[in-house]
Amino acid sequence: MKQRKSHKLEGTHELPFALIAISCSESLLKTVWNINNKLNINLKEFETSIQLKENPNVFFPVFSDHSTSDVVFYNLIPNKSSNNLLVKELPRIDFIFELSGEIKKTEIVSIIKELKQIQGIVAAIEIEADRIKRKSAFIQL
């Protein structure tokens, strides 16, 4: 009988997509500025916004940085706009920080620690994409 090959997965493999939920008392623009300074990135308002299907008059601006790193892309999206929620499962969350590309779990943990040091940010936690019904909002930004 032919013996099967097995491969052991190490816990350091790269994740293609991570979401960090941020609770913050600051405005959108101040939060963008603070995150840019703390993480040494350059979030700028993206030309495309996210629009709700159920209410086409509601838009969520997207602040992106696709140039600071060749392997990681950053997107910051407010969770609230005109009394509407982008991610209804997270009503107490103010912003969603998306990290996509080649990013390791240890890097995500480090970014969360840095975010928590920013004045005005009350909480920053990684959330599982499976927990969000409207995942399409975070795909292809």
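Any read-out appearing in this document is the output of simple, stated calculations on the displayed coordinates, not a laboratory observation. Model, not experiment: these values are computed from the prediction. Glycine also receives a Cβ, built like all others from the backbone with ideal geometry; neighbour counts cover every protein chain displayed.
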About its Cα centre, how strong a charge dipole does the range 14-138 have in debye, to the nearest 20, once Lys and Arg get +1 and Asp and Glu get -1 at the Cβ? 400 debye
Show me, bin by bin at 10 Å from 0, the whole-percent P(r) of the range 14-138 based on Cα pairs. 13, 49, 34, 4
With the dipole of the range 14-138 worked out from charges on the C-beta (+1 for Lys and Arg, -1 for Asp and Glu) around the Cα centre, which of Asn40, Ser64, Ile125 lies farthest toward the positive end? Ile125
Starting at the first residue of the range 100-105, write each ³J(HN,Hα) from the Karplus equation 6.51 cos²θ - 1.76 cosθ + 1.60 with θ = phi - 60°, in whole Hz, x for Gly and Pro. 10, x, 8, 10, 8, 4
Scalar couplings 3J(HN,Hα) for the range 18-29 by Karplus 6.51 cos²θ - 1.76 cosθ + 1.60 (θ = phi - 60°), nearest whole Hz, x for Gly and Pro, are 9, 10, 10, 8, 10, 9, 8, 8, 8, 6, 4, 5
As a quick test, which of the pairs Lys30/Lys116; Lys30/Lys80; Lys44/Lys88; Lys38/Lys88; Lys88/Lys113 have an alpha carbon distance above 20 angstrom in this structure? Lys44/Lys88; Lys38/Lys88; Lys88/Lys113
Could you rank the peptides 30-38, 51-59, 103-111 by their average count of other C-beta atoms within 10 Å per residue, with the highest value first? 30-38, 103-111, 51-59
